[in-house]
Amino acid sequence: MFKIRLNISVSLLMLLLLAFVSCKSKYEKLRASNDTAKKYREAVRLYEKKDYSKALGLFDDLVTKYRGTAEAEDLSYYFSYTHYKLRDYTTARYHFKTFADTYASSAKAEECRFMAAYCFYLESPTFSLDQENTIKAIEALQLFINLYPKSERVTEASKLIGNLREKLETKSYANAKLFLDIGDYKSAVIAFGNSAREFPDTKYAEEMEFLTVKAQALYAKASFETKQEERYNEAIRLYTEFVQNYPSSKYLKDAEEIKKNCEKAIIDVRKLLALQAAEMKAQEEKVKAAEGNKKEDTKNK
């Protein structure tokens, strides 16, 4: 009984294997053939069955052969989407853009122009990485809006641009905060200011303004004594602006503490500089007195 079942299982496996080999052989024969019409019909059928890898193999063979023909437009459209369905967004956006440029008067040109930009969007990395593709995606989506201002896709394109700008905003905030974390306080102050100007409606505005006060105070503390008072005063000025802009801020208590420390530091540094000046003056007077005594001794000899 066991042997019978085993034989049946082996037979079924062999049949499936033969069917697979036969099917594969048929596909390979078609790829190698010169029957472009049949190859095109099979490629479309495979595409509609969502067998994109096999469809791509056939479309790839047909692209050059159909160039300049009436079928070239539809083939280019399928070819672009096949790469997109396979998540090869770099190749897909190239072919979508090529379609839009080549067939500018086509009913599908608008769609392909949008898809080219959308592929850039899909290639935009997380905010911590290089944002070159994010910037290119924004440019491509804005170009689409400019070319097709009445398109029903404008709303979606605008939303995608908003998502991308939010990523750039987060990148800008994170970079500025990194300067603060590594102790480059002057660069942190500059970077927070640049970020606030570039993204005036940023969700990090309140935190960044507080961190600017903090960074400036730390910058003053790390400075030479002769520069400290000026830089502490700048921190106090930034504190005043922060309180005016965010009178109920959750960072208010910490900001007030920073301001008090700045005021105390100014008093301390004034005392220190005055003491240093007095010591220097006393030293100068001591030197002068010594020189005077030396001259007197020389005169008396």
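The values are calculated or read from the model by the stated rules, or taken from the named source; none is laboratory data. All of these numbers come straight from a predicted model, not from anything done at the bench. Every residue, glycine as well, gets a Cβ built from its backbone with ideal geometry; the counts of neighbours run over all protein chains shown.
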Restricted to the range 224-249, and to residues that are free of Cβ contacts under 8 Å to residues at least 24 places away in the same chain, outside any helix (DSSP H, G or I) and not aromatic (Phe, Trp, Tyr), which residue is surrounded by the most Cβ atoms within 10 Å (Cβ to Cβ)?
-> 247
Between residues in the range 177-202 that are under 19 Å from residue 221 (Cα atoms) and among the polar types (S, T, N, Q) and residues that are part of a helix (DSSP H, G or I) and at pLDDT 95 or above, which pairs lie under 8 Å by C-beta distance while being six or more apart or on different chains?
-> 187/179
Kindly check whether there is at least one residue in the range 74-95 that is surrounded by 20 or more Cβ atoms within 10 Å (Cβ to Cβ), at pLDDT 95 or above and either aliphatic (A, V, I, L, M) or on the phi > 0 side of the Ramachandran plot (or both).
-> yes
In the range 174-223, which residues are of a type in the set (Ser, Thr, Tyr) and surrounded by fewer than 22 Cβ atoms within 10 Å (Cβ to Cβ)?
-> 185, 187, 202, 204, 223
Within the range 52-69, considering residues that are out of contact with any Lys or Arg (no Cβ under 7 Å at 6 or more places or on another chain) and charged (D, E, K, R), the one farthest from residue 29 (Cα to Cα) = 67
Residue check: is residue 287 modelled with pLDDT under 90, out of contact with any Gly (no Cβ under 8 Å at 6 or more places or on another chain) and of a type in the set (A, V, I, L, M)?
-> yes
Kindly indicate the residue of the range 96-127 that is within 25 Å of the chain's Cα centre (by Cα) and in a loop (DSSP other than H, G, I, E, B) and also surrounded by the most Cβ atoms within 10 Å (Cβ to Cβ) among those meeting that condition.
-> 124
Candidate set from the range 62-111 (those that are aliphatic (A, V, I, L, M) and in contact (Cβ under 8 Å) with a residue 24 or more places away in the chain); member that is nearest to residue 149 (Cα to Cα) = 92
Hits in the range 132-158 (condition: polar (S, T, N, Q) and out of contact with any Ser or Thr (no Cβ under 7 Å at 6 or more places or on another chain)) | 142, 146, 151, 155, 158
